[in-house]
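One structure is given here, and the rest of the page talks about it.
The values are calculated or read from the model by the stated rules, or taken from the named source; none is laboratory data. Everything numeric in this text was worked out from a predicted model, so none of it was measured. Because the Cβ atoms are built from the backbone with ideal geometry, glycine has one as well, and the counts that use them run over all protein chains shown. With ligands, DNA and RNA removed, areas are computed over all heavy atoms of the protein, side chains included. Shrake-Rupley method; radii C 1.70, N 1.55, O 1.52, S 1.80 Å.
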Amino acid sequence: MNYRHIYHAGNFADVLKHAVLARLVTYLKQKDKAFRVLDTHAGIGLYDLSSDQAQKTGEWRDGIGRLVDAELPVPVAAILEPYLAAVRDLNPHSGRDGGITHYPGSPKLARMLFRPQDRLSAMELHPDDYETLHRLFDGDFQSRITRLDGWLALGAHLPPKEKRGLVLVDPPFEKEGEYERLAEGLARAYRRFTGGLYCLWYPLKKGAPVKEFHEALKALEIPKMLCAELSVRSDRDITGLAGSGLVIVNPPYTLKDELDILLPFLKERLRQDRFASARCFWLRGETALNRGP
(Lines give C-alpha, C1' and ligand atoms only; values in the text may rest on other atoms or scores of the structure.)
Protein backbone atom coordinates (compact mmCIF):
# COMPACT_ATOMS: atom_id res chain seq x y z
CA MET A 1 0.00 0.00 0.00
CA ASN A 2 3.02 2.34 0.32
CA TYR A 3 4.45 1.86 -3.17
CA ARG A 4 4.41 4.93 -5.41
CA HIS A 5 5.38 4.40 -9.03
CA ILE A 6 5.81 8.14 -9.62
CA TYR A 7 9.35 7.79 -8.25
CA HIS A 8 10.16 5.23 -10.96
CA ALA A 9 7.91 6.19 -13.89
CA GLY A 10 9.65 6.04 -17.24
CA ASN A 11 12.71 4.23 -15.94
CA PHE A 12 14.50 1.42 -17.78
CA ALA A 13 12.09 -1.19 -16.43
CA ASP A 14 9.11 0.79 -17.72
CA VAL A 15 10.77 1.08 -21.11
CA LEU A 16 11.00 -2.69 -21.51
CA LYS A 17 7.55 -3.36 -20.08
CA HIS A 18 5.76 -0.70 -22.08
CA ALA A 19 7.60 -1.37 -25.34
CA VAL A 20 6.46 -5.00 -25.14
CA LEU A 21 2.95 -4.01 -24.02
CA ALA A 22 2.63 -1.80 -27.09
CA ARG A 23 3.79 -4.63 -29.35
CA LEU A 24 1.22 -7.00 -27.83
CA VAL A 25 -1.64 -4.54 -28.23
CA THR A 26 -0.55 -3.86 -31.81
CA TYR A 27 -0.56 -7.59 -32.47
CA LEU A 28 -4.08 -8.00 -31.10
CA LYS A 29 -5.27 -5.27 -33.46
CA GLN A 30 -4.36 -7.35 -36.48
CA LYS A 31 -7.77 -9.00 -36.22
CA ASP A 32 -10.99 -6.98 -36.44
CA LYS A 33 -12.53 -8.68 -33.41
CA ALA A 34 -12.55 -6.70 -30.17
CA PHE A 35 -10.23 -7.51 -27.29
CA ARG A 36 -9.83 -6.47 -23.66
CA VAL A 37 -6.74 -5.46 -21.72
CA LEU A 38 -6.90 -6.39 -18.03
CA ASP A 39 -4.34 -4.44 -15.98
CA THR A 40 -4.22 -5.92 -12.48
CA HIS A 41 -1.98 -3.33 -10.75
CA ALA A 42 -2.74 -0.22 -12.75
CA GLY A 43 -1.33 2.66 -10.68
CA ILE A 44 -2.49 6.20 -11.49
CA GLY A 45 -2.28 5.88 -15.27
CA LEU A 46 -0.43 9.08 -16.13
CA TYR A 47 2.72 10.44 -14.46
CA ASP A 48 3.95 14.01 -14.18
CA LEU A 49 7.71 13.84 -14.62
CA SER A 50 8.04 17.45 -13.54
CA SER A 51 6.63 16.62 -10.08
CA ASP A 52 8.80 16.74 -6.98
CA GLN A 53 8.61 12.96 -6.62
CA ALA A 54 9.78 12.22 -10.17
CA GLN A 55 12.44 14.92 -10.00
CA LYS A 56 13.73 13.52 -6.71
CA THR A 57 14.90 10.30 -8.33
CA GLY A 58 15.12 11.35 -11.97
CA GLU A 59 14.97 7.71 -13.02
CA TRP A 60 13.13 8.55 -16.23
CA ARG A 61 16.20 10.36 -17.53
CA ASP A 62 18.07 7.04 -17.76
CA GLY A 63 15.03 5.35 -19.30
CA ILE A 64 12.59 7.01 -21.66
CA GLY A 65 14.76 10.14 -21.58
CA ARG A 66 17.46 8.30 -23.54
CA LEU A 67 15.02 7.21 -26.25
CA VAL A 68 12.21 9.66 -26.88
CA ASP A 69 14.15 12.08 -29.12
CA ALA A 70 17.04 9.81 -30.10
CA GLU A 71 18.05 8.73 -33.58
CA LEU A 72 17.26 5.02 -33.66
CA PRO A 73 18.30 2.25 -36.03
CA VAL A 74 15.49 1.60 -38.51
CA PRO A 75 14.57 -1.90 -37.25
CA VAL A 76 14.52 -0.68 -33.63
CA ALA A 77 12.48 2.41 -34.52
CA ALA A 78 9.85 0.22 -36.19
CA ILE A 79 9.52 -1.98 -33.10
CA LEU A 80 9.37 0.97 -30.69
CA GLU A 81 7.08 3.13 -32.86
CA PRO A 82 3.73 2.41 -31.13
CA TYR A 83 5.25 3.01 -27.70
CA LEU A 84 7.27 6.11 -28.54
CA ALA A 85 4.43 7.60 -30.60
CA ALA A 86 2.19 7.46 -27.53
CA VAL A 87 4.84 9.14 -25.37
CA ARG A 88 5.38 11.85 -27.97
CA ASP A 89 1.64 12.46 -28.26
CA LEU A 90 1.65 13.35 -24.56
CA ASN A 91 4.71 15.57 -25.02
CA PRO A 92 4.25 17.47 -28.29
CA HIS A 93 7.08 19.89 -27.48
CA SER A 94 9.62 17.33 -26.29
CA GLY A 95 12.02 17.81 -29.18
CA ARG A 96 12.02 21.58 -28.75
CA ASP A 97 12.87 21.81 -25.05
CA GLY A 98 14.91 18.63 -24.79
CA GLY A 99 12.74 16.83 -22.28
CA ILE A 100 9.35 15.33 -21.51
CA THR A 101 6.90 16.10 -18.73
CA HIS A 102 4.31 13.35 -18.97
CA TYR A 103 4.64 9.59 -19.12
CA PRO A 104 1.84 7.04 -19.64
CA GLY A 105 1.38 4.18 -17.23
CA SER A 106 0.27 0.83 -18.62
CA PRO A 107 -3.50 1.53 -18.68
CA LYS A 108 -3.09 4.89 -20.39
CA LEU A 109 -0.64 3.49 -22.94
CA ALA A 110 -2.92 0.58 -23.82
CA ARG A 111 -5.93 2.89 -24.08
CA MET A 112 -4.07 5.25 -26.42
CA LEU A 113 -3.52 2.35 -28.81
CA PHE A 114 -7.11 1.09 -28.84
CA ARG A 115 -9.64 1.04 -31.65
CA PRO A 116 -13.30 1.92 -30.90
CA GLN A 117 -14.21 -1.72 -30.22
CA ASP A 118 -11.47 -2.48 -27.69
CA ARG A 119 -11.86 -2.30 -23.90
CA LEU A 120 -9.80 -1.75 -20.75
CA SER A 121 -10.34 -3.14 -17.26
CA ALA A 122 -7.93 -1.56 -14.79
CA MET A 123 -7.60 -2.59 -11.13
CA GLU A 124 -6.02 -0.50 -8.39
CA LEU A 125 -6.25 -1.11 -4.65
CA HIS A 126 -4.58 1.97 -3.16
CA PRO A 127 -7.42 4.43 -2.39
CA ASP A 128 -5.63 7.59 -3.50
CA ASP A 129 -4.22 6.01 -6.65
CA TYR A 130 -7.62 4.54 -7.48
CA GLU A 131 -9.25 7.98 -7.25
CA THR A 132 -6.59 9.48 -9.50
CA LEU A 133 -6.96 6.67 -12.03
CA HIS A 134 -10.75 6.91 -11.94
CA ARG A 135 -10.62 10.65 -12.66
CA LEU A 136 -8.24 10.07 -15.56
CA PHE A 137 -10.72 7.75 -17.28
CA ASP A 138 -13.92 9.42 -16.13
CA GLY A 139 -16.49 9.36 -18.92
CA ASP A 140 -14.52 6.91 -21.07
CA PHE A 141 -17.01 4.18 -21.96
CA GLN A 142 -14.23 1.92 -23.25
CA SER A 143 -12.57 1.77 -19.82
CA ARG A 144 -13.70 0.30 -16.54
CA ILE A 145 -11.76 1.26 -13.41
CA THR A 146 -12.24 -0.86 -10.29
CA ARG A 147 -10.84 -0.56 -6.78
CA LEU A 148 -9.75 -4.14 -6.23
CA ASP A 149 -6.76 -6.24 -5.22
CA GLY A 150 -5.36 -7.13 -8.62
CA TRP A 151 -4.64 -10.70 -7.58
CA LEU A 152 -8.39 -11.27 -7.23
CA ALA A 153 -8.98 -10.09 -10.78
CA LEU A 154 -7.09 -13.11 -12.10
CA GLY A 155 -10.06 -15.22 -11.06
CA ALA A 156 -13.11 -12.99 -10.96
CA HIS A 157 -12.55 -11.08 -14.21
CA LEU A 158 -11.52 -13.90 -16.51
CA PRO A 159 -12.32 -14.85 -19.14
CA PRO A 160 -13.32 -11.50 -20.65
CA LYS A 161 -16.58 -11.46 -22.55
CA GLU A 162 -14.66 -10.61 -25.73
CA LYS A 163 -12.82 -13.97 -25.44
CA ARG A 164 -9.68 -12.20 -26.68
CA GLY A 165 -7.34 -10.19 -24.58
CA LEU A 166 -4.17 -9.36 -22.75
CA VAL A 167 -3.63 -9.69 -19.01
CA LEU A 168 -0.85 -7.51 -17.59
CA VAL A 169 0.31 -8.46 -14.09
CA ASP A 170 2.73 -5.90 -12.68
CA PRO A 171 2.74 -6.09 -8.86
CA PRO A 172 4.93 -3.73 -6.81
CA PHE A 173 6.94 -6.57 -5.21
CA GLU A 174 6.94 -4.82 -1.83
CA LYS A 175 5.94 -7.98 0.08
CA GLU A 176 7.63 -11.31 0.59
CA GLY A 177 6.45 -14.13 -1.63
CA GLU A 178 5.46 -12.06 -4.66
CA TYR A 179 7.33 -14.33 -7.10
CA GLU A 180 5.35 -17.29 -5.75
CA ARG A 181 2.10 -15.33 -5.93
CA LEU A 182 2.86 -14.42 -9.53
CA ALA A 183 3.30 -18.07 -10.53
CA GLU A 184 0.19 -19.11 -8.58
CA GLY A 185 -1.80 -16.25 -10.08
CA LEU A 186 -0.85 -17.27 -13.61
CA ALA A 187 -1.88 -20.85 -12.90
CA ARG A 188 -5.28 -19.71 -11.66
CA ALA A 189 -5.83 -17.30 -14.54
CA TYR A 190 -4.67 -19.70 -17.24
CA ARG A 191 -7.16 -22.34 -16.13
CA ARG A 192 -9.95 -19.84 -16.79
CA PHE A 193 -8.55 -18.21 -19.95
CA THR A 194 -6.15 -20.50 -21.77
CA GLY A 195 -6.26 -18.55 -25.02
CA GLY A 196 -5.29 -15.21 -23.55
CA LEU A 197 -2.05 -13.29 -23.82
CA TYR A 198 -0.33 -12.78 -20.46
CA CYS A 199 2.51 -10.43 -19.64
CA LEU A 200 4.08 -10.85 -16.19
CA TRP A 201 6.63 -8.35 -14.86
CA TYR A 202 9.26 -9.17 -12.24
CA PRO A 203 12.32 -7.40 -10.77
CA LEU A 204 15.92 -8.51 -11.08
CA LYS A 205 17.93 -7.63 -8.00
CA LYS A 206 20.43 -9.15 -5.63
CA GLY A 207 19.10 -12.30 -3.98
CA ALA A 208 15.90 -12.45 -6.03
CA PRO A 209 14.64 -16.05 -6.50
CA VAL A 210 14.45 -15.76 -10.26
CA LYS A 211 15.65 -19.30 -10.99
CA GLU A 212 13.06 -20.74 -8.62
CA PHE A 213 10.40 -18.52 -10.18
CA HIS A 214 11.23 -19.78 -13.66
CA GLU A 215 11.13 -23.37 -12.45
CA ALA A 216 7.70 -22.77 -10.89
CA LEU A 217 6.46 -21.42 -14.20
CA LYS A 218 7.86 -24.37 -16.13
CA ALA A 219 6.09 -26.72 -13.74
CA LEU A 220 2.74 -25.28 -14.84
CA GLU A 221 3.34 -26.96 -18.23
CA ILE A 222 1.83 -24.06 -20.16
CA PRO A 223 2.91 -24.77 -23.74
CA LYS A 224 4.17 -21.33 -24.81
CA MET A 225 6.13 -19.02 -22.50
CA LEU A 226 8.73 -16.52 -23.66
CA CYS A 227 11.05 -14.67 -21.28
CA ALA A 228 12.82 -11.33 -21.80
CA GLU A 229 15.26 -9.82 -19.30
CA LEU A 230 17.18 -6.56 -19.25
CA SER A 231 19.72 -5.55 -16.61
CA VAL A 232 21.34 -2.14 -16.85
CA ARG A 233 23.95 -2.64 -14.13
CA SER A 234 25.49 -5.17 -11.81
CA ASP A 235 23.51 -6.22 -8.74
CA ARG A 236 26.69 -7.03 -6.80
CA ASP A 237 27.04 -3.80 -4.84
CA ILE A 238 23.47 -2.49 -4.78
CA THR A 239 20.26 -3.43 -3.02
CA GLY A 240 17.86 -1.78 -5.48
CA LEU A 241 16.64 -2.69 -8.92
CA ALA A 242 19.35 -3.78 -11.35
CA GLY A 243 17.05 -5.06 -14.06
CA SER A 244 13.65 -6.49 -14.83
CA GLY A 245 12.06 -9.34 -16.70
CA LEU A 246 8.89 -10.20 -18.53
CA VAL A 247 7.24 -13.55 -19.07
CA ILE A 248 4.88 -13.57 -22.02
CA VAL A 249 2.41 -16.44 -22.27
CA ASN A 250 1.00 -17.24 -25.72
CA PRO A 251 3.32 -14.67 -27.34
CA PRO A 252 2.81 -13.54 -30.94
CA TYR A 253 4.96 -15.57 -33.29
CA THR A 254 6.81 -12.38 -34.28
CA LEU A 255 7.75 -11.33 -30.76
CA LYS A 256 10.87 -13.45 -30.28
CA ASP A 257 12.50 -12.04 -33.41
CA GLU A 258 11.53 -8.50 -32.39
CA LEU A 259 13.02 -8.92 -28.94
CA ASP A 260 16.20 -10.35 -30.43
CA ILE A 261 16.58 -6.99 -32.21
CA LEU A 262 15.32 -4.75 -29.41
CA LEU A 263 17.05 -6.14 -26.33
CA PRO A 264 20.68 -5.75 -27.47
CA PHE A 265 19.90 -2.16 -28.44
CA LEU A 266 18.28 -1.39 -25.08
CA LYS A 267 21.22 -2.97 -23.27
CA GLU A 268 23.63 -0.59 -24.98
CA ARG A 269 21.43 2.52 -24.89
CA LEU A 270 20.22 2.16 -21.28
CA ARG A 271 23.29 0.61 -19.66
CA GLN A 272 24.55 2.18 -16.42
CA ASP A 273 27.73 0.16 -16.13
CA ARG A 274 29.75 -2.41 -18.05
CA PHE A 275 27.81 -5.30 -16.53
CA ALA A 276 24.59 -4.53 -18.40
CA SER A 277 23.03 -7.63 -19.98
CA ALA A 278 19.99 -8.79 -21.89
CA ARG A 279 18.56 -12.10 -22.96
CA CYS A 280 15.45 -13.54 -24.58
CA PHE A 281 14.65 -17.22 -24.33
CA TRP A 282 11.82 -19.74 -24.27
CA LEU A 283 10.77 -21.07 -20.90
CA ARG A 284 8.48 -23.45 -22.75
CA GLY A 285 7.62 -23.86 -26.42
CA GLU A 286 9.29 -22.73 -29.62
CA THR A 287 8.52 -20.27 -32.40
CA ALA A 288 7.58 -22.86 -35.01
CA LEU A 289 4.71 -24.08 -32.85
CA ASN A 290 3.43 -20.70 -31.73
CA ARG A 291 0.83 -18.71 -33.66
CA GLY A 292 -0.62 -16.73 -30.76
CA PRO A 293 -4.25 -16.27 -29.66
Suppose we take every Cα in the range 114-156 and form the convex hull; what volume per residue is that in Å³?
73
Based on alpha-carbon centroids, what's the gap between the range 45-111 and the range 234-253 in Å, whole number please?
20
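In terms of the Cα gyration tensor, with a ≥ b ≥ c the square roots of its eigenvalues, is the range 31-160 rounded because a/c is under 1.5, prolate because a/b exceeds b/c, or oblate? The partial results should precede the final answer.
Details: a/c = 2.19, a/b = 1.40, b/c = 1.57.
Judged from the Cα gyration tensor, the range 31-160 comes out oblate (a/c at least 1.5, b/c at or above a/b).
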Using the Karplus curve 6.51 cos²θ - 1.76 cosθ + 1.60 with θ = phi - 60°, work out ³J(HN,Hα) for each residue of the range 239-250 in order, rounded to whole Hz, and write x for Gly and Pro.
9, x, 6, 9, x, 8, x, 10, 10, 10, 9, 6
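For a Förster distance of 25 Å, can you work out the FRET efficiency between the beta-carbons of residue 174 and residue 279, rounded to the nearest 0.05? Each step should come with its number before you reach the end.
Details: r = 26 Å, r/R0 = 1.04.
E(calc), rounded to 0.05, equals 0.45.
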Just to be sure I understand: with springs between alpha-carbon atoms less than 10 Å apart, which residue in 129, 52, 118 has the highest mean-square fluctuation in the Gaussian network model of the chain?
52
Solvent accessible area, Å² - residue 8, 1.4 Å probe, full protein context:
60
Tell me, what is the 1.4 Å probe accessible area of residue 51, in Å² to the nearest 10?
20
To the nearest 500 deg cm²/dmol, what mean residue ellipticity at 222 nm is calculated for the chain from DSSP H runs of n ≥ 4 alone, each contributing -39,500 (n - 2.57), summed and divided by the residues?
-11000 deg cm²/dmol
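How much length would be gained if the chain were fully extended between residue 78 and residue 260, taking 0.36 nm per residue of separation minus their Cα-Cα distance, in nm to one decimal? Write out the running numbers ahead of the final one.
Details: separation 182, 0.36 × 182 = 65.52 nm, distance 1.36 nm.
Going from the current span to full extension adds 64.2 nm.
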Label residue 32 and residue 50 with points 7 Å out from Cα along Cα→Cβ: what is the distance between them in nm?
4.4
Whole-percent carbon and sulfur contribution to the accessible surface of the range 65-215 (1.4 Å, no ligands, DNA or RNA) stands at 51
Rolling a 1.4 Å sphere over the protein heavy atoms, what is the accessible area per residue of the range 5-284, to the nearest Å²?
43
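Counting pairs on different chains as well as pairs 8 or more places apart, how many Lys pairs in the range 197-293 have Cα atoms under 20 Å apart?
On the way: 205/267; 206/267; 211/224; 218/256; 224/256; 256/267.
Within the range 197-293, the lysine pair count is 6.
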Sorted largest first, the Cα spans of the chain on the principal axes come out in Å as 47, 45, 39
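At 0.36 nm per residue, minus the direct Cα-Cα distance, what do residue 147 and residue 85 gain on full extension? Give it in nm, one decimal, please. Write out the running numbers ahead of the final one.
On the way: separation 62, 0.36 × 62 = 22.32 nm, distance 2.94 nm.
Answer, rounded to one decimal: 19.4 nm.
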How high is the relative contact order of the chain, in percent, counting Cα pairs under 8 Å that sit 6 or more residues apart?
20
